[in-house]
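Every number in this text was worked out from the coordinates using simple rules, so none of it is lab data. It should be emphasised that the depicted structure is a prediction, and the values quoted were computed from it without experimental measurement. Here Cβ is always computed from backbone atoms with ideal geometry, including for glycine, and neighbour counts include all displayed protein chains.
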Amino acid sequence: MWTWQAAVADIQHLLLHVLGAPARWAAQPAFADLDGDTAAAVLSEAGRFAAEVIAPLNAPGDQQGCRWSADGVRTPDGFAAAYQAFVAGGWPALAIAPEHGGQGLPQALNAALFEMLAGANHGWTMYPGLLHGACEVVMHHGVSALRERYLAKLVSGEWLGTMALTEPQAGSDLGAVRTRAEPVDGAVPANGVAVRVSGSKIFISGGDQDLTDNIVHLVLCRIAGTGLPDAPAGSKGLSLALVPKFMPDGSRNSVVCDGIEHKLGIHGSATCQLRFDQAQGWLIGEPHRGLAAMFLMMNAARLHVAVQGVGHLDAALQNASAYAAERQQMRAPQRPAGSTAGAGGDPIAWHPATRRTLMTLRARTDACRTLALWTALWLDEAEHHPDASHRAAAAGHVALLTPVAKALFTELGHRSADEALQVFGGYGYVREYGIEQTLRDSRIAMIYEGTNEIQAIDLVQRKLLDDGGARAQALMAVLAEEAARCAAVPDLVEFGQALDAQLAAWRQALAQLQAGRGDDADYPLRVADDMLAGVGHALMAWAWARIALAASNPAQAPVAGRPAADWLASARFGLQWLLPQAQVHWQRVGQRTAALPWLASA
Ligand SMILES: Cc1cc2nc3c(=O)[nH]c(=O)nc-3n(C[C@H](O)[C@H](O)[C@H](O)COP(=O)(O)OP(=O)(O)OC[C@H]3O[C@@H](n4cnc5c(N)ncnc54)[C@H](O)[C@@H]3O)c2cc1C
């Protein structure tokens, strides 16, 4: 039986003690009134909601799935009521500024909320998952008439938004988008101008649903029309349009859901084919600058997908450890102190191979969760810190951390679900125990929001090379502070040394890429996935160092949940058993001349 509890105590410990969030919030006027106790209470309530309202719908929602008819999509039983409870609880507006009707809490709390929701039920969480990003787009790019009409309803969650980018011929390559937006009555294209939108979008999450009375589609399109010059080719000619399902006068707009996908996982999430047939809408943001406007939503969405990975990691860990504690097979060579041998055999949790798997999941979850919350803290500072130079530095850190977080956590989330399934043996392969659902659901996170390969290219080209390595050096300087702190604590010297070694490997890899790209433009792309994995391991080394330092400091002791010794053991395991993998990735990045042959059939 699939089991899930909100890891509230762990999240509270990491955010409030290990990462010292309250002190960081105190330096930002927007959060100056937020203390640790209030944040802890918000996290507890979020965990209660996820565990009591959302998690029970996970398996039934998977089995029932969404149903399509020409009248619209029906989500699984219970999804709509749970969404109403989510809205009534004020959760959609958690991290939206009070002047726009939100609660003005930090993104870090929103990231924790969405990690718990995704762990509890990925399919359901897809619906509100894009809401924050949609609000940001309307808030920052909408003209006042659009803001007045749509923002409050999105902030409250009364209406949901979609991100309509993908078309059959335009997946990773958004420059190939063909959907047209024609200004009404030959108007000059400008922000806020009314348009008629025509084209087909596929794979649109929540493109139709029965949770809200209206849906606000944010549609990537190309301006076209008689007498207008052609929009520039490629991604530079893309614009953004807001197209509602229902018009302000209540009439049905000509946006049609022609079907939903039948897919591997997240069966509770409707993945829709949408047809825009001269649908009415308005340009949002400047003409031909649609991708820049959409990036606000895509960046929010990437961090959101990153925390889905953490949610899956945690669900995998919880289920594997619960099963391993119950299932007895053979005698283990050793047993934990104070325990007695089982009647028929020992719990499989005592066998070294299983212990190693469980600790792998534990150490990954701790590291990835720490990094996700840390990224969200920088995101808040990039927006709210009073010092402009600090804001700029924080934005640089977020830019670099986001693609790594998206790709690393989702890969580890899925891989961990697979390793957790192995702990169940044959029972993992059958539906009853639910871990097979976690394996299926977690797979999509590696694909959407820019595949993990596209994240790696973004990291290498835009975030590491295009600025001459400045962002990387700035982030590494922050990471190095932890290594210095570890060096001063006798028990933690190995953490400092390991982190220093990772930073040295990162610097060397960066230099190799900078030196090699001139002669061979293919080279950075060949090794981009390894570069991302190497940087990811360096970041995990930092997280384990940070966790270990907190575990050794009585002033940062956990107030609930796992004792400090448990956190330290997990961090040390990560360092000793998982970090060696980094070497493989750094080594591959260094193989400048390694041939990459063409597959004969390609
Ligand atoms: C369940 C689900 C929900 C989705 N939700 C949404 C949504 O809400 N809104 C939306 O707009 N889209 C959504 N998508 C679409 C999703 O974002 C795309 O599937 C994704 O961007 C990849 O595009 P593609 O499927 O066309 O694959 P392709 O772009 O054809 O890629 C195929 C493979 O080629 C690789 N590849 C492509 N180009 C390169 C390159 N330059 N370098 C290296 N490798 C490359 C990719 O990494 C991938 O492995 C969803 C998809 C699914 C399945």
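Legend: ranking of residues H288, H267 from fewest to most surrounding C-beta atoms inside 10 Å; resulting order H288, H267. What does the charge dipole of the stretch 132-226 about its Cα centre add up to, to the nearest 20 debye, if the Cβ of each Lys and Arg holds +1 and the Cβ of each Asp and Glu holds -1? I would put it at about 260 debye. Residues within the reach of a label modelled at S254 (point 7 angstrom out along Cα to beta-carbon, backbone nitrogen below 20 Å), restricted to the stretch 50-83, are 70-72. Residue separation of W598 and H390 scaled by 0.36 nm, minus their Cα-Cα distance, works out to 70.2 nm of gained length. Listing E158, E419 from fewest to most neighbouring C-beta atoms within 10 Å gives E158, E419.
Annotation: amide H of V73 within the under-5 Å range of Q209, sequence separation 5 or more or interchain, hydrogens built in the peptide plane. Under the membrane-span-like helix rule (DSSP H runs whose alpha carbons stretch at least 24 Å along the helix axis, mean Kyte-Doolittle hydropathy 0.5 or higher), the chain yields 290-326, 470-487, 528-551.
Determine the dipole magnitude for the chain: charges of +1 sit on the beta-carbon of Lys and Arg, -1 on that of Asp and Glu, nothing else is charged, the reference point is the Cα centre, and the result goes in debye to the nearest 20. Walk me through the numbers on the way to the answer.
On the way: 45 positive and 57 negative charges, 179 e Å.
Roughly 860 debye for the chain.
Amide hydrogen proximity for V193: with H placed 1.01 Å from N in the peptide plane, the residues at 5 or more positions away or on another chain lying under 5 Å are L283.
Computing Rg and the Kirkwood Rh from the Cα coordinates of the stretch 233-293 gives a ratio, Rg/Rh, of 1.07.
Between the beta carbons of A343 and S44, assuming R0 = 51 Å, the FRET efficiency works out to 0.85 to the nearest 0.05. Pairwise Cα separations in the stretch 1-41 fall into 5 Å bins from 0 onward with the following percentages, short to long: 5, 23, 26, 18, 11, 7, 5, 3, 2, 0. What does the convex hull of the alpha-carbon atoms of the stretch 251-379 project to on average, in nm²? Orientation-averaged projected area of the Cα hull: 14.0 nm². Counting beta carbons within 10 Å around each of H100, H585, H217, H390 and listing the fewest first gives the order H390, H100, H585, H217. One quarter of the convex hull surface built on the alpha carbon atoms of the chain amounts to 29.0 nm², the projected area averaged over directions. Fraction of C-alpha pairs exceeding 22 angstrom in the stretch 21-130: 38 percent, rounded to a whole number. Neighbours of V42, meaning other residues whose beta-carbon lies under 14 angstrom from its beta-carbon, give a summed charge of -4 when Lys and Arg score +1 and Asp and Glu score -1.
Which value at 222 nm does the chain reach when only helices count, each DSSP H run of 4 or more adding -39,500 (n - 2.57), with the total divided by all residues and rounded to the nearest 500 deg cm²/dmol?
Values: 21 runs with 294 residues, N = 602.
Theoretical 222 nm ellipticity from helices: -15500 deg cm²/dmol.
Histogrammed with a bin width of 10 Å, the alpha carbon distances of the stretch 492-557 distribute as 20, 38, 23, 13, 5, 1 percent, first bin at zero.
In this label model, Q461 and A26 are separated by 4.5 nm, measuring between points 7 Å along each Cα→Cβ vector. Modelled spin-label separation between A557 and A521, with each label point placed 7 Å from Cα along the Cα-to-Cβ direction: 6.1 nm. With the convex hull drawn around the C-alpha atoms of the stretch 524-596, the volume per residue stands at 89 Å³. Is the shape of the stretch 472-524 rounded, prolate or oblate, going by the alpha carbon gyration tensor and its root eigenvalues a ≥ b ≥ c, with a/c under 1.5 for rounded and a/b larger than b/c for prolate? The shape class here is prolate. Of the options I204, A349, V143, report the single residue whose Cα projects farthest towards the positive end of the charge dipole of the chain (beta-carbon charges: Lys, Arg +1; Asp, Glu -1). Positive-end residue among those listed: A349. Shape class for the stretch 210-257: prolate, because the ratio a/c of the largest to smallest gyration tensor axis (alpha-carbon atoms, square roots of eigenvalues) is 1.5 or more and a/b beats b/c.
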